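Written out below as structure tokens is the structure these notes cover.
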Amino acid sequence: MTDLFPGNTDRRDPYKNFKFRLKFGTDVVAAVSKVSALKRSTEPVTHREGGDPSTSRLSPSTWKFEPITLERGLTHDPAFEAWANQAWTGTTEAATVSLKDFRRDIRIELLNLQGEPVIAYDVHRCWVSEYQAMPELDSNANAVAIEMMVVQNEGWIRDDKLTIPNES
């Protein structure tokens with residue numbers, strides 16, 4: 001274990017899932033309360049060998065990266081809406097796509113209880129496919145107003161240069 005994870009060889013407990021941060025480039029996005037799981041799948045291809053026609057074999061084909069859902073408390077920060085508007089701008093009569101900057105890379109960092117990043121994933125070529133500007137409003141509810149977006153992506157990779165902090 002010490003060769004694979006230098007820095008904190010005494011940690012045995014898993015990290016908690018409630019301390020994290022989301023970055024658009026180098027900017028931390030305010031009030032993010034939920035990030036869906038990072039999931040990928042590989043489509044299997046079935047084939048048979050000519051010498052063994054009764055047994056099917058499986059081999060990997062194309063990869064698919066699942067969309068990521070981001071939720072945050074509604075604030076005056078326009079970052080979500082501004083990004084969503086790059087994939088759709090205009091009115092219902094004349095909607096257009098901003099082809100210049102509608103894709104961006106995002107970073108998801110899992111933090112330890114001291115607030116230090118311990119695991120990070122860089123998600124590539126993301127764009128907003130769904131955006132909810134305001135939640136359903138209910139005068140009888142007692143909840144935070146949530147802004148939501150669904151982000152398509154072309155893959156993610158773990159930042160293996162991130163060093164594990166010494167948690168003493």
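Placing unit charges on each Cβ (+1 for Lys and Arg, -1 for Asp and Glu) gives the chain a dipole about its Cα centre, and among H47, V144, H76 the Cα reaching farthest toward its positive end belongs to H47.
Using Cβ point charges alone (K and R +1, D and E -1), the dipole size of the chain about the Cα centre works out to roughly 320 debye. Residue by residue, the range 34-42 carries 3J(HN,Hα) couplings of 7, 10, 5, 5, 8, 10, 9, 9, 10 Hz when phi is fed to the Karplus relation 6.51 cos²θ - 1.76 cosθ + 1.60 (θ = phi - 60°); x denotes Gly or Pro. Each label point was placed 7 Å from the Cα along the Cα-to-Cβ direction; for V29 and I164 their separation is 2.9 nm.
Relative contact order for the chain: 25 percent, from Cα pairs under 8 Å spaced at least 6 residues apart, divided by residue count. For E130, the residues 5 or more places off, or on other chains, whose built amide H falls under 5 Å of its own are V150. Placing unit charges on the Cβ atoms of the charged side chains and taking the dipole of the chain about its Cα centre, the candidate lying farthest along the positive direction among A31, I106, S61 is S61. Hey, how much of the P(r) for the range 12-69 falls beyond 18 Å, as a percent of Cα pairs? Taking all Cα-Cα pairs of the range 12-69, the fraction more than 18 Å apart is 63 percent.
Taken along the Cα-to-beta-carbon direction at a fixed 7 Å, the label points for R11 and L99 span 4.5 nm. Here's how it looks for D159: its modeled amide H is under 5 Å from those of A120, Y121, D122, which are all 5 or more places away or on a different chain.
Could you tell me the ratio Rg/Rh of the chain? Both radii from Cα atoms, Rh via Kirkwood.
1.09
Can you pull the percent of the range 97-168's accessible area that's carbon plus sulfur, 1.4 Å probe, other chains left in place? C and S atoms contribute 50 percent here.
At 10 °C and 1.306 mPa s, grab the translational diffusion coefficient of the range 100-148 from Stokes-Einstein with a Kirkwood Rh over Cα pairs, rounded to a whole number in µm² per second. For the chosen part, D equals 112 µm²/s.
When each of the peptides 42-50, 19-27, 65-73 is scored by how many other beta carbons lie within 10 Å of its residues on average, the order from highest to lowest is 65-73, 19-27, 42-50.
Report, in deg cm²/dmol and to the nearest 500, the calculated mean residue ellipticity at 222 nm for the chain, where each DSSP H run with n ≥ 4 adds -39500 (n - 2.57) and the sum is divided by the residue count.
Roughly -1500 deg cm²/dmol at 222 nm, from the helical runs in the chain.
Couplings 3J(HN,Hα) of the range 68-76, computed from phi: 10, 9, 10, 10, 8, x, 5, 10, 7 Hz, in residue order, whole Hz [Karplus 6.51 cos²θ - 1.76 cosθ + 1.60, θ = phi - 60°; x for Gly and Pro].
The gain in end-to-end length when the E116 to A37 segment is fully stretched comes to 26.4 nm, 0.36 nm per residue minus the alpha carbon separation. Residue-wise HN-Hα couplings along the range 124-134, as the Karplus relation 6.51 cos²θ - 1.76 cosθ + 1.60 with θ = phi - 60° gives them from phi, are 9, 6, 7, 8, 7, 9, 8, 9, 10, 6, 9 Hz; Gly and Pro carry x.
The values are calculated or read from the model by the stated rules, or taken from the named source; none is laboratory data. Note that the structure is a prediction, hence the values are computed from the model and not measured. With ideal geometry, Cβ positions are generated from the backbone for all residues, glycine too; neighbour counts draw on all protein chains shown. Areas reflect the complete protein model, heavy atoms only, side chains present, ligands, DNA and RNA absent. Shrake-Rupley method; radii C 1.70, N 1.55, O 1.52, S 1.80 Å.
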